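In what follows, a single structure is set out as structure tokens and then discussed.
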Amino acid sequence: MLSYDDKRDFYRMMVNSEVTVTIIDDEADSTLLATCRDLSATGLAIEMSHPMELNTLVKVNIDSANNSVQSLNVTGKVVRVTEETDDSYLIGINISEID
């Protein structure tokens with residue numbers, strides 16, 4: 001029997017990299033640090049110390065560790081929030097645009 005992960009359209013790459021998350025807000029954009037856990041062509045999962053509201057629009061920047069590889073900047077929407085521990089949340093983001 002196929003698991004849920006086997007039915008994905010795009011391969012999910014495991015990552016353990018610090019990212020900058022900017023919450024897109026009409027009044028004031030706020031920026032925070034998080035850890036990217038995995039990444040695919042259509043989404044990513046980040047780990048952070050507090051939850052985010054579903055449907056929050058965000059920009060995520062993943063800096064490259066190698067000068068020959070460009071950093072990744074994406075815009076997306078929070079589609080899933082899972083509490084991992086008391087101070088750790090896994091946030092699923094659906095990518096809508098890649099800069």
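None of the figures in this text is laboratory data; all of them are computed from the coordinates on show. The model shown is predicted, which means the values in this text are computed figures rather than measured ones. Don't worry about glycine lacking a Cβ; one is built from the backbone with ideal geometry, like all the others, and counts go over all protein chains shown.
Could you tally the net charge around N55, taking each other residue with its Cβ under 12 Å from the Cβ of N55, Lys/Arg +1 and Asp/Glu -1? Display every interim value, and only then the final one.
Numbers: positive: K77, R80; negative: E53.
Result for the local shell: +1.
Taking a ≥ b ≥ c as the square roots of the Cα gyration tensor eigenvalues, with a/c under 1.5 meaning rounded and otherwise prolate when a/b beats b/c, else oblate, which class fits the stretch 4-98? Could you put the intermediate results ahead of the total?
On the way: a/c = 1.37, a/b = 1.09, b/c = 1.26.
Note, shape of the stretch 4-98 comes out rounded.
L33: net charge of surrounding residues, Cβ under 12 Å, Lys/Arg +1, Asp/Glu -1, itself excluded?
Details: positive: none; negative: E18, E47, D63.
Net of charged neighbours comes to -3.
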